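The values are calculated or read from the model by the stated rules, or taken from the named source; none is laboratory data. Being a predicted model, the structure only gives us computed values, none of them experimental. Cβ: placed from backbone, ideal geometry, glycine included. Neighbour counts: every protein chain shown. Please note that ligands, DNA and RNA were not included when accessible areas were found on the heavy atoms of the full protein model with its side chains. Shrake-Rupley method; radii C 1.70, N 1.55, O 1.52, S 1.80 Å.
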Amino acid sequence: MEPREEIERQKNYSEKVKELTKNKELTYTILTMGCQLNENDSEKLCGMIEEMGYTKSENPKQADLCVFNTCCVRENAEAKLFGKLGELKRAKEERGTIIAIGGCMMQEKHITDKIKESYPYTDIIFGTHTLHKFPEDLYQVLKKHQKQEDVLDIDGKIYEGLPIKRESKYKASVTIMNGCNNFCSYCIVPYVRGRERSRSPKDILQEIRKLAEEGYKEITLLGQNVNSYLRVEREKGIPTSEAEGVNSFATLLKAINKIEGIERIRFVSPHPKDFTDDVIEAISEGEKIAKLVHLPLQSGSTKLLKRMNRNYTKEQYLKLVQKMKERIPGVTFSTDIIVGFAGETEEDFENTLDVVKQVGFEQVYMFIYSRRVGTPGDKMPDQVPEEIKHKRFNRLKELVEKQIAVRNQEYIGTVQTVFVEGKSKTNDELLTGRTDSNKVVVFEGDESLIGQMIPLTITSEHMWYLTGKQEK
Ligand code: SAH
Ligand code: SF4
Ligand code: F3S
């Protein structure tokens, strides 16, 4: 069935569920366990669920529908999910709470088997390629009391036009591509999200224009490898509806930069191997494009990068950083690093520390290597003992924190353009926002500033946030 027809079919189911839930004042909760793509999927789930007549509540034990949107990139999410499912057993018995589990982890057979065996009271299991069918799955449970297992192994199509309930009124994420073709040897994502496929330029630009009209100021473009946007389509000659000359990631950035009302553009994650000069030029020239580049390193050792199937060397990574420092005034970097991948020696790890020292990242997201069933990394013989992984992780953390403290000092006294996001979570009297380089800034100001870009002078630093003040 064509995506458009399928979405119409789901709208019908949505109407049917609405009939069933009418006047019942039903509530739902959702727990989002993964990355920004997973969060974006959750916003779509919330959109669908609210259209069916449910309202959001914060208490899973009181809700009529509990949804889990899972992640499987590292192991710790598994224990968390199973713990939460155990906690819901009583709510299920007492209130008949409908339990639905979706997302990346549901694409793993050993996990769905375990759920069916140990948590048989789960009503709906859905995967990453069947998210749009949630209305149908819910209808079958409500009307026919049938459990639903709706997981597809083949790559899903791209479904446009799903309802979406966004978390913020000012900043929005926009998925520009699904899946991944890179098969980094440690990573499960390509197995659970399928092959890389890009949304059409027309659909993306339309979505962003609409967001701008609704008052959104900051857009984050999402994908596992954003700078290979439209590459597969180009290579295979798959037609995509052309719009405004967009045929690559660089041209997409340029087109979005022109959209009136959008004031800041971010994107995650680009891959170092695909960072072409046209993208560097687009960032440098696009006045709305944030000058913080998230450039996942993973390891600083060429030997390890090869084993990880990352397709770049330590030197190529450093050269790329150097080139961007020369061509993009004010550029800053953040990164992802995995510690303790199979075969990592002390020398390999020191190369990672060396890159961190040379680049001077604004932020480093650090992960201890977690073996994922079905990936090549899991089968490599020379796994690093847990104890060594933890020791190295702590050494990296220490270096990163020292560096961040030094970099934070450099902010003091400077004027930063801050996008004001809302009230501070810890102090109602203060507002919080982010700099172009994604640093949190807390300051005193009037609520009317929320949703605006304003200049702030940085007055002090506190490791994970800066404080600022408005000039009179
Ligand atoms: N596509 C993105 C990020 C995907 S997952 C990219 O290539 O950068 C986000 C991060 O999780 C990765 O960058 C990596 O640092 C980390 N990660 C992925 N698999 C992991 C594993 N098996 N163990 C630990 N960290 C992992
Ligand atoms: Fe995973 Fe690599 Fe794809 Fe990122 S690029 S999602 S790390 S396989
Ligand atoms: Fe994201 Fe986790 Fe899936 S990182 S793509 S939610 S495995």
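Numerical summary
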quantity: Neighbourhood net charge (15 Å Cβ-Cβ; Lys/Arg +1, Asp/Glu -1) for LEU85; calculated: +3
quantity: For ILE98, distant residues with modelled amide H under 5 Å away; calculated: LEU65, CYS66
quantity: Between the stretch 19-44 and the stretch 298-351, the Cα center-to-center distance that results, in Å; calculated: 38 Å
quantity: Span per principal axis, largest first, for the Cα atoms of the stretch 291-410 (Å); calculated: 44, 28, 24
quantity: Per residue solvent-accessible surface (Å²) - the stretch 168-289, probe of 1.4 Å; calculated: 39 Å²
quantity: Sorted peptide list for 444-456, 118-130, criterion being average Cβ within 10 angstrom, highest first; calculated: 118-130, 444-456
quantity: Sequence ranges 352-362, 184-194, ranked by mean other-Cβ count within 10 angstrom, highest first; calculated: 184-194, 352-362
quantity: Charge dipole (debye, nearest 20) of the stretch 168-289; +1 at Cβ of Lys and Arg, -1 at Cβ of Asp and Glu; calculated: 440 debye
quantity: Relative contact order (%) - criterion: Cα under 8 Å, at least six apart; region: the stretch 38-184; calculated: 27 percent
quantity: Cα lying deepest toward the dipole's positive end in the stretch 291-410, options GLY300, PHE361, ILE328, charges on Cβ; calculated: ILE328
quantity: Whole-number accessible area per residue in Å² for the stretch 378-472, which is evaluated in the context of all protein chains at 1.4 Å; calculated: 58 Å²
quantity: Dipole magnitude of the stretch 415-469, debye to nearest 20 (Cβ charges: Lys/Arg +1, Asp/Glu -1, about Cα centre); calculated: 180 debye
quantity: Residue among GLN416, GLY261, GLN403 farthest towards the positive dipole end of the chain, charges placed on Cβ; calculated: GLN403
quantity: Positive-end extreme of charge dipole, the chain - chosen from THR435, THR97, GLN146 (charges on Cβ); calculated: GLN146
quantity: Summed side-chain charge close to MET380 - residues other than MET380 whose Cβ falls under 10 Å, Lys, Arg +1, Asp, Glu -1; calculated: +1
quantity: Cα Rg, Dmax (largest Cα-Cα span) when computed across the chain, Å; calculated: 23.0, 65
quantity: Check: the chain dipole with +1 on Lys, Arg Cβ and -1 on Asp, Glu Cβ, in debye; calculated: 500 debye
quantity: Hull shadow area, averaged, the stretch 36-130 [alpha-carbon convex hull, nm²]; calculated: 6.1 nm²
quantity: Accessible solvent surface per residue of the stretch 38-163, calculated while the other protein chains remain in place, 1.4 angstrom probe, Å²; calculated: 44 Å²
quantity: Angle in degrees between helix 386-411 and the longest Cα principal axis of the chain, rounded to the nearest 10; calculated: 60 degrees
quantity: Percent carbon-and-sulfur accessible area, the chain, ignoring ligands, DNA and RNA, probe 1.4 Å; calculated: 49 percent
quantity: Antiparallel bridges, percent of DSSP beta bridges restricted to the chain (to nearest 5); calculated: 30 percent
quantity: Taking the chain and dividing mean pair separation by its residue count, relative contact order in percent (alpha carbons under 8 Å, at least six apart); calculated: 10 percent
quantity: Peptides ranked, highest mean first, by Cβ atoms within 10 Å: ranges 411-420, 86-95; calculated: 411-420, 86-95
